[in-house]
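Below is one structure, written out as structure tokens; the observations come after it.
Throughout, read-outs are computed from the coordinates displayed, never taken from laboratory work. Worth saying up front: this structure is predicted, and the values here are computed from it rather than measured. Glycine also receives a Cβ, built like all others from the backbone with ideal geometry; neighbour counts cover every protein chain displayed.
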């Protein structure tokens, strides 16, 4: 198992949103997180990425195993595409950014400033960052937003190649990526809302 | 860390990076003061150390809210927090980059501006020396304040209120050293205290700032 989660509970803005989440991710596996908006997919991913502490439960993963891909791409608009990617490659200690360029077809854009890219091109650059992290587990939050069909296929191919090489991916998404993947419906883990407390707070909001 | 440092430097000198704004502000403040207090040489000479230090401090304050806010807005900060460099290292690299783009130019420009305020001849060495010693503390304390206020709407105003009181010791000992130096008195004690504040800030505040960032990223 590259990642296993036991009885995890997490909170957003002080309110528990998910509880008793348990799953395991084996090498080569893709797990798709499903569920309606606001159910807590992003919160779950941020907790697993280590950005916020869990309310309860345990996350077992090797240190530095998880590469987190958020809604925002973390691009610097005044830097070129190549400079953006080289920066992240340097941070993660990987020198070669050529495979990432090839995987997401952004080679022709490499000398362009990130501020002049379209939304989909920015997203592709943001996803290319995952390849230079060299980390085995990808935790991705809505990775296909603003991607066209061809780019979604590129992304699915990149995830496929990553898993074939022994990696794993945890992806929150609403679309069908065309990958052989297990699905996990997060709404099954919705935390019981503390009714009384919420009403008490609302009186002051 | 070096990568982050050089990226921040590159961002600062690119269009819209704000490099030179602090320096221009410092220049304008020191030019305005003689207009305000009148051209009396003796008055200007007496207030020069204080004005130069306050000007440098305010110029430093101008660009503080950019240290983490821009990275927070475009999502880089989340990604840096999950990257293999420790958050303490991120803070240190960013404070260092802030110093190189703000504190260092201020230090180098200050002697020229001292001329406008009729600073005593013996004071120039001390002015440059104290700014070189003191501005790293300003950047580091500022980075701590920026870490506390990252993600807040209108955090810049709150940041100034939080950070300015923390700048007081640096200001007192910095300006005091220059004043004593300009009058050819013994400067050892305030200079050592100034250096002590800087070293203490650089040693301790990265941990405090990283803790504040972790809480703000939740």
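Here are a few things to note about the model shown:
- The relative contact order of chain A comes to 30 percent, based on Cα pairs under 8 Å that sit 6 or more residues apart.
- Full-extension gain in nm, residue B:122 to residue B:218, via 0.36 nm per residue minus C-alpha separation: 29.4 nm
- Peptide packing for A:40-46, B:4-10 was compared via the average number of neighbouring C-beta atoms within 10 Å per residue; ordered from the highest value, the list is A:40-46, B:4-10.
- Separation of the residue B:184 and residue A:34 label points, Cα + 7 Å toward Cβ, nm: 8.7
- Order of B:71, A:96 - criterion: other Cβ atoms within 10 Å of each residue's Cβ, fewest first: A:96, B:71
- Only DSSP H runs of four or more residues enter the estimate; each adds -39500 (n - 2.57), and after division by the residues of chain A the mean residue ellipticity at 222 nm equals -9500 deg cm²/dmol.
- Extending 7 Å from Cα along the Cβ direction at residue A:187 and again at residue A:175 yields two label points whose distance is 2.2 nm.
- For segment A:54-120 and segment B:122-197, distance of Cα centres in Å: 37
- Taking every DSSP helix (H) stretch of at least 4 residues in chain B, weighting each as -39,500 (n - 2.57) and dividing the sum by the residue count yields a mean residue ellipticity at 222 nm of -27000 deg cm²/dmol.
- Dividing the mean sequence gap of close Cα pairs (under 8 Å, 6+ apart) by how many residues chain B holds gives a relative contact order of 27 percent.
- Pairwise FRET efficiency - residue A:22 versus residue B:161, Cβ, R0 = 51 Å, nearest 0.05: 0.65
- For segment B:97-218, relative contact order (Cα pairs under 8 Å, six or more residues apart, normalised by length) works out to 34 percent.
- Rounded if a/c under 1.5, otherwise prolate or oblate - the protein assembly as shown, Cα gyration tensor axes: prolate
- Within segment A:126-153: backbone nitrogen closer than 16 Å to the residue A:94 label point (7 Å, Cα to C-beta): A:126-140
- Computed from label points 7 Å out along Cα-Cβ, the spacing between residue B:199 and residue A:4 is 5.0 nm.
- A:187, B:139, A:77 arranged by Cβ crowding within 10 Å, fewest neighbours leading: A:187, A:77, B:139
- Length available on full extension from residue B:207 to residue B:192: 0.36 nm per residue minus the Cα-Cα distance, which gives 3.0 nm.
- Shielding score for A:85-93, defined as the mean number of other chain Cβ atoms within 10 Å: 4
- If you sort the three axes of the alpha carbon gyration tensor as a ≥ b ≥ c, you get a/c under 1.5 for segment A:70-134, which makes it rounded.
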